[in-house]
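For reference, the structure discussed in these notes is given below.
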Amino acid sequence: MPPKILTLWRNRFHFSETQILIGMSLLVGLGTGLGALLFIFLIETCRDFFFNYSELVLSTYMGEFKFWVLFIPMLGGLLVGPIVYKFAAEARGHGVPEVMAAVALKGGIIRPRVALAKTIASAICIGSGGSAGREGPIVQIGSAIGSSLGQAFHMSPERIRILVGCGAAAGISAVFNAPIAGVIFSLEIILGDFAIKTFSPVLISSVVASIVSRSILGNHPAFDIPSYSLVSIWEIPLYMLLGVGCGAVAVAFTRTLSFFEDFFGKLKISPVLKPALGGLILGSLGLYFPQVFSDGYETIKLTLYGNMILWVMAVLIFLKILATSLTLGSGNSGGIFAPSLFIGAVAGGSFGYLAHYLFPGATATAGAYALVGMAALVGGTTHAPITAILIIFEMTNDYRIILPLMVAVVVSTLVARRLFKPSIYTIKLIKRGIHLKEGKDASILRVHRVSDVMRKDLDPIPPATPLAAILDKVEKTRNTSLLVMDENSRFWGTIDFQDILGVITQHTLDYLVVAKDLAVPTDPVVFENDNLEDALEGFALKGQKFLPVFKSRQDREIVGILHQEDLLRFYNTRLLESPRTSE
């Protein structure tokens, strides 16, 4: 059995837990890299079957009839429906929210069958013209590989989560030839953790997966673009304005996708047929605007070279949003990253065309704005600006336009968050009552109050307590922080062991320094009716291990003490008790 083999290796070769995790990350990177190659091959095979072979057969036996393209996405949906609704429901949609939920709620547990289902369903969907990309599927595929490996060797939930992050990073790295962006995507979006113990194995997996893909596909950027740079300093305000526009478009994309998910969810037909219905409507759009089919990389390349007509780009902004929402909202399988690049490219290209027309001597051509728009739209939809900046940089291998790209991404992300707080990844989870924050379900903290966790045994010390008595108190209670209160329950502040260090060796001060001299007023403070999420932020701001709890903002009576360790223990207990962990 694998766990016995793991124990044997650990005992025989004296491997540490860290070394074992590093070894596992190598395997996850290798497996995900090979899985990414298989996934790409299947997409191309399905695309050739649906749009070349089937068209040839139909033309031979049925005669020339271009309207057959109307039914190709529907046929793909008919094949995808049974896979995602009967075999693995997690494979439905763009996949990343399911991985985030597994990390936050299930200890990283993902069923092994998800990798197989996602690979086949997404390849069929994208190959048959579904408006989706490779990012979501390969993240879910890699994460399932990492989770399955961790489960096979009976690793702890913490390490399984890290292996899930390894798979996500490896997937992005292999598919987009973007190893750095893969790491940041995993840490910023999936895990919400930049600690070195997490960073190292995730980095190794990303590098290994990139080596695997480059050895077969070659080392070249996803988009070979002209040389673009900042023409004039006066372009910066224009790029900021582009960021505002992309932020608004990103929110429109997020909300439209969410609307169609709800619409198809309430539709009174068999769930197995919903992807086919979405595909049929998509086919009607693609009949006149075939650019909306699949990932749209060819259209993106034309836009980056400035070879697209203005009105076509403007129309495609809305049609691609609609096409992607129909595809993924109906239950088809694919990612939202490629559609985000597409929408950003045509939005940026449209803006750049007008900017260059109005200010020809001080602005770059439309292609430069299309490139920046891609990153800005990704930042606005995912709320992950670092990932957006790095992945566009690695996909184009061009550093010269990094400054306007950074400006536009930051502005777009801020605008999108201001207009609509959830990201395109978290909105789906929020509708299920899951509020993730830094990889954790914040909804558990939001529904419980400080009074549920606080300790009521205050045991304060009077303000006149001399230093010698304070040290004696610390020694007896083993507490490094104390409350200072007088007989009228007036709160003077807290004394931390760090506050005592400056005078602890000066024994002449034992009876000259008293508690009120050392007491530090506590800010922020918490109240018994505050929710635990606000209290946790208070700990982060203050950096203390405990905070005094006041009755209310009007009544400054201290009613308890909230310890950080109690709060975290309470959260972990409720997390294990949550029914979502068994879904």
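The values are calculated or read from the model by the stated rules, or taken from the named source; none is laboratory data. As the structure is a prediction and not an experimental result, all values here were calculated from the model. For neighbour counting, all protein chains shown are included, and Cβ atoms are generated from backbone atoms with ideal geometry for every residue, glycine included. Calculation scope for accessible area: heavy atoms of the full protein, side chains included, ligands and nucleic acids excluded. Shrake-Rupley method; radii C 1.70, N 1.55, O 1.52, S 1.80 Å.
Return yes when E158 is under 17 Å from the mean Cα position of the chain (by Cα), at pLDDT below 85, part of a helix (DSSP H, G or I) and not hydroxyl-bearing (S, T, Y) and no when it is not. Break it down stepwise before answering.
Working: under 17 Å from the mean Cα position of the chain (by Cα): no; at pLDDT below 85: yes; part of a helix (DSSP H, G or I): yes; not hydroxyl-bearing (S, T, Y): yes.
No.
Which is among the hydroxyl-bearing types (S, T, Y), in a helix (DSSP H, G or I), under 30 Å from T18 (Cβ atoms) and open to solvent by 10 Å² or more (accessible area, probe 1.4 Å), of S215, S206? Spell out how you get there, then give the answer.
Details: S206 fails: open to solvent by 10 Å² or more (accessible area, probe 1.4 Å).
Unique residue meeting the criteria: S215.
Looking at region 545-568, which of the residues that are open to solvent by 30 Å² or more (accessible area, probe 1.4 Å) and touching a helix residue (DSSP H, G or I) at 6+ places or on another chain (Cβ under 7 Å) is modelled with the lowest pLDDT?
K545
Residue under question is S148, and the condition is that it be open to solvent by less than 10 Å² (accessible area, probe 1.4 Å) and either under 19 Å from V96 (Cβ atoms) or modelled with pLDDT of 85 or more (or both); does it hold? Walk me through it before giving the result.
Values: open to solvent by less than 10 Å² (accessible area, probe 1.4 Å): no; either under 19 Å from V96 (Cβ atoms) or modelled with pLDDT of 85 or more (or both): yes.
So S148 fails the test.
Out of region 67-106, which residues are open to solvent by less than 10 Å² (accessible area, probe 1.4 Å), out of contact with any strand residue (DSSP E or B) (no Cβ under 6 Å at 6 or more places or on another chain) and not aliphatic (A, V, I, L, M)?
Selection gives P73, G76, G77, G81, G93, G95, P97.
Restricting to region 131-155, name every residue that is under 15 Å from the mean Cα position of the chain (by Cα) and of a type in the set (G, A, S). Let's see the steps before the verdict.
Step one: of region 131-155, the residues under 15 Å from the mean Cα position of the chain (by Cα) are 135-140, 142-143.
Listed by number, the residues that qualify are G136, G142, S143.
Given the conditions (1) modelled with pLDDT of 85 or more; (2) surrounded by 15 or more Cβ atoms within 10 Å (Cβ to Cβ), which single one is not true for E55?
Exception for E55: condition (1).
May I ask you to verify whether S200 is surrounded by 24 or more Cβ atoms within 10 Å (Cβ to Cβ), at negative phi and not aliphatic (A, V, I, L, M)?
Details: surrounded by 24 or more Cβ atoms within 10 Å (Cβ to Cβ): no; at negative phi: yes; not aliphatic (A, V, I, L, M): yes.
Answer is no for this residue.
Which of the numbered conditions does T299 fail, given that it passes all the others? Conditions: (1) within 19 Å of R255 (Cβ to Cβ); (2) open to solvent by less than 50 Å² (accessible area, probe 1.4 Å).
(1)
Give region 377-406 a look and list any residue that's closer than 21 Å to N177 by Cα and not in a helix (DSSP H, G or I), or say none.
Quick first cut of region 377-406, residues closer than 21 Å to N177 by Cα only: 377-379, 382, 384-402, 405-406.
A384, N397, D398, Y399, R400, I401 - these are the residues of region 377-406 that are closer than 21 Å to N177 by Cα and not in a helix (DSSP H, G or I).
Go through region 367-391 and give me each residue that's hydrophobic (A, V, I, L, M, F, W, C), closer than 23 Å to S210 by Cα and open to solvent by less than 10 Å² (accessible area, probe 1.4 Å).
Within region 367-391, the subset hydrophobic (A, V, I, L, M, F, W, C) is 368, 370-372, 374-378, 384, 386, 388-391.
Now narrow it down to the ones that are closer than 23 Å to S210 by Cα: 374-375, 378, 384, 386, 388-391.
Hits for region 367-391 are M374, A375, V378, A384, A388, I391.
Would a scan of region 407-417 turn up a residue that is within 18 Å of V231 (Cβ to Cβ) and in a helix (DSSP H, G or I)?
Our first condition is that a residue be within 18 Å of V231 (Cβ to Cβ); within region 407-417, this holds for 407-408.
Filter once more, so that each one left must be in a helix (DSSP H, G or I): 407-408.
The answer is yes, given that some residue of region 407-417 is within 18 Å of V231 (Cβ to Cβ) and in a helix (DSSP H, G or I).
Does region 340-355 include one or more residues that are buried (at least 24 other Cβ atoms within 10 Å of the Cβ) and β-branched (V, I, T)?
Yes: one or more hits.
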